[in-house]
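Only one structure is covered here, and it is reproduced in the block below.
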2 protein chains.
Amino acid sequence: MALKTRLTEKLGLKHPVISAPMAFAGGGKLAAAVSNAGGLGLIGGGYGDADWLEAQFGAAGNTPVGCGFITWSLANAPHLLEDVLARKPVAVFLSFGDPAPFGGMIADAGVPLICQVQTIADARAALDAGAGIIVAQGVEAGGHAGSRATFPLVAEVADLLAKAAPDTLLCAAGGIADGRGLAAALMLGADGVLVGSRFSASEEALVFPGWHDALIAADGDTTVQTSVVDIARKRDWPERFKIRAVENALIQRWQGREAELQAAQGEAAQAYEAAAASGDSNNFGVIVGEAVGLIHDIKPAGTIVEKMVAEAEKLLADAPTHIA
Amino acid sequence: MALKTRLTEKLGLKHPVISAPMAFAGGGKLAAAVSNAGGLGLIGGGYGDADWLEAQFGAAGNTPVGCGFITWSLANAPHLLEDVLARKPVAVFLSFGDPAPFGGMIADAGVPLICQVQTIADARAALDAGAGIIVAQGVEAGGHAGSRATFPLVAEVADLLAKAAPDTLLCAAGGIADGRGLAAALMLGADGVLVGSRFSASEEALVFPGWHDALIAADGDTTVQTSVVDIARKRDWPERFKIRAVENALIQRWQGREAELQAAQGEAAQAYEAAAASGDSNNFGVIVGEAVGLIHDIKPAGTIVEKMVAEAEKLLADAPTHIA
């Protein structure tokens, strides 16, 4: 079985499922597994480590994958985009910053541009930058996000596209971890979904020791948007984007005392690295979305795709039974 | 046409659509219009004005409607619940506080209890209180809400109910303003939806002059969760619930300076009342959710129900076409 949408047709996929280009966690092995299962895997370009990026494209082998960048970070190392475009990725994904400076180069390379947006204003900027696919990401997402929620944002962006750019496709992101979320996203007007948290709970995800146990133990009530994790690991994010993670000892200690943490950043970063190395998941960021409450096991990414799609297919097939 | 779910069967409705018991806005005329259109209308019991409540039940006439209470406020005036139960409402709805003290009286009256919840912990408390229907409400909702978002909260509550209380029904709330949201909610595992913002934009809604114009002018990027509106109108809400409203001059002036506003509360409340009376929508709370970006007209509530259901029916009927 397979699902058919404008996204599968545009990118030649079997299923309208894209793995989020999670910094660090989203390596080449995960991206390739998602692509091999019929979706589209995105390598997480992260904070601009060219060697890591090369290794991850190596790990993906000959499987077609795409690559995502943190837009404000890419602005500090724009040559990375050239490197990636030379590898002929299935798509380039930009989120968290102004995509305008990069749209032209991506278009010239003939590579589809996916822009993730957190507001309607962002969506307009993405259209101006030439995005062929827009991902509307809600506040419930893991990792960085804005403040608007998936449900109304997806529908509102769909309305914008219907009016201003009917050939631009739309994916939903934030809170989607299974077939219910995929089916619901299609009802809201999306052509597909971008999934992070669920793939961070895959065998292929590159996470610290202890991370997966902490993720499985958490329910959706336990995540929080914070700046603490970024300060503690020396990532200088713009104010409007917060990271969502499980509220652990690290976050409880510093939430509301961010200025103090900033002042002690050197020491905090050492402690963070030590916790990551030793698997002390109470003292590094277990970065995940509210959908963590829907995740109860670590599976191969291919199995996750198959299960998600099978569940969505059943829901979509049965949908007309609600009509009296 | 009509939609059939466990909710329509349990409450004898034609459509699985409930109007939120919005304080002040949700009067008897609105509730009756929603019920007459085949959904279930709820009168907003608000902050405990017995005369207002009596007038609104009067305005609903012989149409069967339900009634909602702000749970922490009801605790200050519990006799109101007796008054309402004596009217044999279709259901009693409780949100924002511990429902435990009221569950027994509602059960003894043979009236279905609907509990709105903002977290998984709330959902467990609602089950303990004897809720037959749980509404999972996301942060994108208008009026008061918690911090979790609709998309993952609905699915996670659905999982809880499947395990712990399979006969308890589930509705989704927050961000749902049209047939897309209704269809998506059903895919997430809900048996129906609770809709506030869209019904606040109905001809029957009891809103201040200028409110509807401000609502129509807003897009979803412009709402914000705040305590400013409650302080300015002297409503002493528990810290964990914030109100969502259009970010206007009132909110811009005081957001982040809540302690100062509290100190000037008497004066602020006079200004608030004056703004409400004169239709100065920059200086009272235009209370609405992120779904405001999906709302472009003021319609009779019955028309809103019909359009929402027709749109959902089309989406549900076409859902299987996504299967390749």
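The values are calculated or read from the model by the stated rules, or taken from the named source; none is laboratory data. Computed from a predicted model, the values in this text were never measured in an experiment. Cβ sites come from the backbone with ideal geometry, for glycine too, and all protein chains shown count toward neighbours.
General observations
- Residues located in segment B:293-303, provided they are surrounded by 23 or more Cβ atoms within 10 Å (Cβ to Cβ) and either in contact with a strand residue (DSSP E or B) (Cβ under 6 Å, 6 or more places away or on another chain) or among the acidic types (D, E) (or both): B:A301
- Which listed residue is hydrophobic (A, V, I, L, M, F, W, C) and modelled with pLDDT of 95 or more, from B:A123, B:A75: B:A123
Residues checked against (1) under 26 Å from B:I287 (Cα atoms); (2) touching a Gly at 6+ places or on another chain (Cβ under 6 Å); (3) of a type in the set (A, V, I, L, M, F, W, C):
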{"site": "B:S19", "(1), (2), (3)": "yes, yes, no"}
{"site": "B:L30", "(1), (2), (3)": "yes, no, yes"}
{"site": "B:A37", "(1), (2), (3)": "yes, yes, yes"}
{"site": "B:D51", "(1), (2), (3)": "yes, no, no"}
{"site": "B:E54", "(1), (2), (3)": "yes, no, no"}
{"site": "B:W72", "(1), (2), (3)": "yes, yes, yes"}
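- Scan of segment A:224-245 for residues that are within 14 Å of chain B (Cβ to nearest Cβ) and in a strand (DSSP E or B), ordered by number: A:V224, A:Q225, A:T226, A:K242, A:R244
- Hits in segment A:1-31 (condition: assigned to a helix (DSSP H, G or I), of a type in the set (A, V, I, L, M) and away from chain B (no Cβ under 14 Å)): A:L11, A:L30, A:A31
- When the residues of segment B:166-190 are filtered to those that are under 22 Å from B:D219 (Cβ atoms) and in a loop (DSSP other than H, G, I, E, B), the one that is nearest to the other protein chains (Cβ to nearest Cβ) is B:G175.
- Residue within segment B:303-310 that is out of contact with any Cys (no Cβ under 7 Å at 6 or more places or on another chain), of a type in the set (G, A, S) and not assigned by TED's automatic domain parsing to the domain that holds B:R180 present: no
- Evaluation of B:K299 against (1) over 16 Å from B:D178 (Cα atoms); (2) touching a helix residue (DSSP H, G or I) at 6+ places or on another chain (Cβ under 9 Å); (3) of a type in the set (D, E, K, R) (one fails), failing number: (1)
- Residue ID - farthest from the other protein chains (Cβ to nearest Cβ), chosen from residues in segment A:119-138 that are closer than 23 Å to A:L182 by Cβ and in contact with a helix residue (DSSP H, G or I) (Cβ under 8 Å, 6 or more places away or on another chain): A:G132
- Only a single criterion out of (1) under 13 Å from B:L7 (Cβ atoms); (2) in contact with a Gly (Cβ under 6 Å, 6 or more places away or on another chain); (3) crowded, with 24+ Cβ neighbours inside 10 Å is not satisfied by B:T150, namely (1).
- Test: A:V154 is under 21 Å from A:M22 (Cβ atoms), assigned to a helix (DSSP H, G or I), facing chain B (nearest Cβ under 10 Å) and of a type in the set (V, I, T): yes
- Test result for B:V193, of a type outside the set (S, T, N, Q), closer than 19 Å to A:H322 by Cβ and assigned to a strand (DSSP E or B): yes
- Taking segment B:202-235 as the range and being over 26 Å from A:G138 (Cα atoms) and either among the small types (G, A, S) or modelled with pLDDT under 95 (or both) as the test, the residues that pass are B:S202, B:A205, B:G210, B:A232.
- Test: B:F57 is assigned by TED's automatic domain parsing to the domain that holds B:F151, buried (at least 21 other Cβ atoms within 10 Å of the Cβ) and modelled with pLDDT of 95 or more: no
- When B:A249, B:A275, B:A263 are checked against the criterion of being more than 14 Å from chain A (Cβ to nearest Cβ), buried (at least 17 other Cβ atoms within 10 Å of the Cβ) and of a type in the set (A, V, I, L, M, F, W, C), B:A275 stands alone in meeting it.
- Selection count, segment B:196-218, where residues are away from chain A (no Cβ under 12 Å), in a helix (DSSP H, G or I) and crowded, with 20+ Cβ neighbours inside 10 Å: 6
- Among the candidates A:I251, A:I176, the residue that is without any contact (Cβ under 8 Å) to a residue 40 or more places away in the chain and closer than 30 Å to A:A75 by Cα is uniquely A:I251.
So that you can scan it fast, the table gives a plain yes or no per residue for (1) within 29 Å of A:R124 (Cβ to Cβ); (2) crowded, with 17+ Cβ neighbours inside 10 Å; (3) of a type in the set (F, W, Y):
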| site | (1), (2), (3) |
| --- | --- |
| A:S19 | yes, yes, no |
| A:G26 | yes, yes, no |
| A:A32 | no, yes, no |
| A:I43 | yes, yes, no |
| A:D51 | no, no, no |
| A:F69 | yes, yes, yes |
| A:A75 | yes, no, no |
| A:V84 | yes, yes, no |
| A:V92 | yes, yes, no |
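- Some residue of segment B:283-291 being within 17 Å of the chain's Cα centre (by Cα), assigned to a helix (DSSP H, G or I) and surrounded by 20 or more Cβ atoms within 10 Å (Cβ to Cβ): yes
- B:A125 being of a type in the set (G, A, S) and buried (at least 24 other Cβ atoms within 10 Å of the Cβ): no
- The condition of being within 14 Å of chain B (Cβ to nearest Cβ), of a type in the set (A, V, I, L, M, F, W, C) and closer than 19 Å to A:A245 by Cα holds for only one of A:V309, A:V288, that being A:V288.
- Boolean, B:D221 is within 13 Å of chain A (Cβ to nearest Cβ), surrounded by 23 or more Cβ atoms within 10 Å (Cβ to Cβ) and either at negative phi or among the acidic types (D, E) (or both): no
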